[in-house]
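Take a look at the structure set out below.
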Amino acid sequence: MSKDCIFCKIIKGEIPCNKIYEDKEFLAFLDIKPINKGHALVVPKLHCKNLFDFPKSEETDLIEFIKKVAKAIVKATNADGFNLGMNNGRAAGQIVEHAHFHIIPRFSNDGFKHWPGKEYAEGEMEEIQKKIVSFL
Ligand code: AMP
Ligand code: ZN
């Protein structure tokens, strides 16, 4: 638990939330500013900052938890699909520094577009590929 963390406060019940589901390790609740209605957040109950910080012991359970909640959201909202997302770091849009996963119901006519794809210059793709591989 982190004293000033808003999601830790929600987990402790100090701040209310619209809870969907919880177990020993995780809590799912509705995002207060949904991208589409039914947009939910899944948070580990143990405070950690981002995916790199996320405890290995909880990784398998997390996927099961997300699948269970996502299925319920898709059924309840009659969605055509859903996005599972996670912002890691300020540059990636992370505002709350308690690791969390966004489950966003999607509809064929919701008007959102895919992210635009950039172009690689000649040889650049191989260069970045080699560089990434060198860090593994
Ligand atoms: P991120 O940009 O990935 O850090 O997302 C943080 C998310 O938390 C945003 O989508 C907010 O709308 C959501 N959020 C912040 N405070 C609350 C709250 N008290 N209850 C529910 N969702 C919240
Ligand atoms: Zn926290």
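Close amide H partners of ASN50, meaning residues 5 or more places away or on another chain with modelled amide H under 5 Å apart, are ALA99.
For the residue pairs LYS12/LYS56; LYS49/LYS130; LYS33/LYS75; LYS19/LYS75; LYS45/LYS118; LYS67/LYS118, alpha carbon separations beyond 27 Å are given by LYS49/LYS130; LYS45/LYS118; LYS67/LYS118. Just to verify a number: FRET efficiency for TRP115 and LYS45, C-beta to C-beta distance, R0 = 35 Å, to 0.05? About 0.65, to the nearest 0.05. Axis angle, to the nearest 10 degrees, between helix 59-77 and the longest C-alpha principal axis of the chain: 70 degrees.
Summarising the amide proton neighbourhood of ARG106: residues at separation of 5 or more, or on other chains, whose placed amide H is nearer than 5 Å comprise ASP80, GLY81, PHE82, ASN83. Computed from backbone phi with θ = phi - 60° and the Karplus coefficients 6.51, -1.76 and 1.60, the 3J(HN,Hα) list for region 101-116 is 10, 8, 10, 10, x, 10, 10, 3, 10, 7, x, 7, 10, 5, 4, x Hz; x is used for glycine and proline.
Ordering TYR120, VAL96, ALA76 by Cα displacement along the dipole of region 6-134 toward the positive end leaves ALA76 in first place; charges were set at the Cβ atoms of Lys, Arg (+1) and Asp, Glu (-1). When the alpha-carbon atoms of region 6-134 are used, the pair Rg, Dmax equals 17.0, 54 angstrom.
Going by alpha carbons, how many degrees (0 to 90, nearest 10) lie between the helix axis of 124-134 and the longest principal axis of the chain? Once rounded, one gets 60 degrees. Among 45-58, 23-36, 95-108, 112-125, the peptide with the highest mean count of other Cβ atoms within 10 Å heads the list, and the full ranking is 95-108, 23-36, 45-58, 112-125. Cys residues of the chain that find no other Cys beta carbon under 4.7 Å: CYS17, CYS48.
Laboratory data are not the source of any read-out in this text; all were calculated from the coordinates shown. It should be emphasised that the depicted structure is a prediction, and the values quoted were computed from it without experimental measurement. Don't worry about glycine lacking a Cβ; one is built from the backbone with ideal geometry, like all the others, and counts go over all protein chains shown.
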